[in-house]
Each structure stands twice: as structure tokens, then as C-alpha cells.
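Undergrad: One structure coming up, written as C-alpha cells, with questions to follow.
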Amino acid sequence: MHRRHFLQSATGSLALLFTSPIVAAAEVPPSAEESAQTHVVEMTDAMIYDPDVITIAPGDTVEWITVGQMGHSITAYENELPDGAPYWASGGFDSEDDARSGYPGGNIAKDETYSYTFDMEGEYGYFCVPHETIQMIGKVIVSEGGAATASSSSGGHAAGMGAGGDDPHSEGEDPEHMGVAFQAHWVGIATLLGIFASLVFTFFFLKYNETPHSGYPKQK
Ligand SMILES: [Cu+2]
């Protein structure tokens, strides 16, 4: 390879190394918003709520969507409501008994959704009327330090992880909510790589007046 061509392509790579971190940094959103959020729980043909335990902040909404062929209900356990919280269930039933006997009222068919906004803190156990016997059961945890508002406090984060422990998609583990954009790691790595590459180039230029593999003898 001719030395000039090698240098041109090498310079191009270097330029890429230096500009890509800048682009990545520019795309980082300014800050995570603190407003009410909507959290999606999928109801699948494996007959589970995914995630089955979700931690949210007061005022947040949970939206259940049936992603499989089979229909499901979202039905609150009457004895698993915070004190004073109203009964809730897909189909708008006023009690667990009504919801059980009223099914398939409240059935959420394929691609349909049911949404409910939780204002009061506490734990809300719920189940699927047709699949309760095979443990299609879920829980919504409403907590001021919940995953959605997971502040800078590591305590809140740990609580979120504990509550939703087996759920890798829980918002509590989203680093954006801790004020650190995920790309930051790559910005740092790319910058270090760029610095290192330019040092290597400088070294070989100063020592040999050549790049290491250009194949041109220096002296006549
Ligand atoms: Cu079900």
C-alpha cells in the first residue's frame, strides 16, 4: 500500500474516532422528565403478565396489552388493595365477585388494552379470571420512591430492584433516570481510543518518519 494512501485512510479513521463521540454526546437528552408515566405490561400466550411485578410512582398509569392470541382479564384482588383505594378491574366491575361472575366481561382480546391510573401508594394484587388457577397473577407496587421517579438515591434504586427483582425491564434500572446517559460510557471509551491512536501515530512518525507497515525504506 502506498504510504500516502495509507495515511489518508488512517487519517479518515482517526477523524471518525474523534467525531463519533461528539455526535453521541449531542444526542443525549437534557434530562429525564418527572411527569406521570405510562408503563406497559404484556399479557402473553404463556399466560403471564410481563412483568408480573411492576413498581410505579403515584399518578402513573399501567397499560396492559394482550400480545398473544388468548384473551385475559386484569382483575384486582379485593383483599389486596391499599386501605381506601377503590376497587378496579378490566370491565369496570365494582367488586371481585362481580368481576368473576361477569367474565368474559372485562376480557382483553388480542391487541386490545386496558389502562388504569394508580394514585394511592401501596400494593395492588390482581389476577386473570380464566387463568388464575395456573398462576396468572400480578402485582402493581405504587411507591413515591418507585421505579419511575427513581431519583439519585441508591436506596430507591435498590428498593425498585428488590420489588421487581426478576424483571430486567423495570424502569428502576434505566440509567437515564439516574442522570447518566447510557452513551456516556461509549463516549469515554471512544475518546480514549482516539487519543491512544493519535499517540501511536505520533510515535511512529517521530521515530521512523514512517508508519510501521508502509514498506518504504527510509534511507537510500
Ligand atoms: Cu389470562
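Undergrad: Among the residues of the range 71-92, which ones are within 16 Å of the ligand (Cβ to nearest atom) and either crowded, with 17+ Cβ neighbours inside 10 Å or more than 20 Å from residue 135 (Cα to Cα) (or both)?
TA: Hits for the range 71-92 are 71, 72, 73, 74, 75, 76, 89, 90, 91.
Undergrad: Out of 29, 21, report the one residue that is crowded, with 16+ Cβ neighbours inside 10 Å and modelled with pLDDT under 95.
TA: 21
Undergrad: Using the structure shown, decide if residue 45 is on the phi < 0 side of the Ramachandran plot, exposed (fewer than 13 other Cβ atoms within 10 Å of the Cβ), of a type outside the set (S, T, N, Q) and modelled with pLDDT of 95 or more.
TA: Considered against the rule, which asks whether it is on the phi < 0 side of the Ramachandran plot, exposed (fewer than 13 other Cβ atoms within 10 Å of the Cβ), of a type outside the set (S, T, N, Q) and modelled with pLDDT of 95 or more, residue 45 comes out as yes.
Undergrad: Looking only at the range 110-144, how many residues end up being in a loop (DSSP other than H, G, I, E, B) and either within 11 Å of the ligand (Cβ to nearest atom) or in contact (Cβ under 8 Å) with a residue 60 or more places away in the chain (or both)?
TA: Qualifying residue count, the range 110-144: 9.
The values are calculated or read from the model by the stated rules, or taken from the named source; none is laboratory data. No experiment lies behind these values; they were computed from the predicted model shown. Note that we place each Cβ from the backbone using ideal geometry, even for glycine, and neighbour counts take in every protein chain shown.
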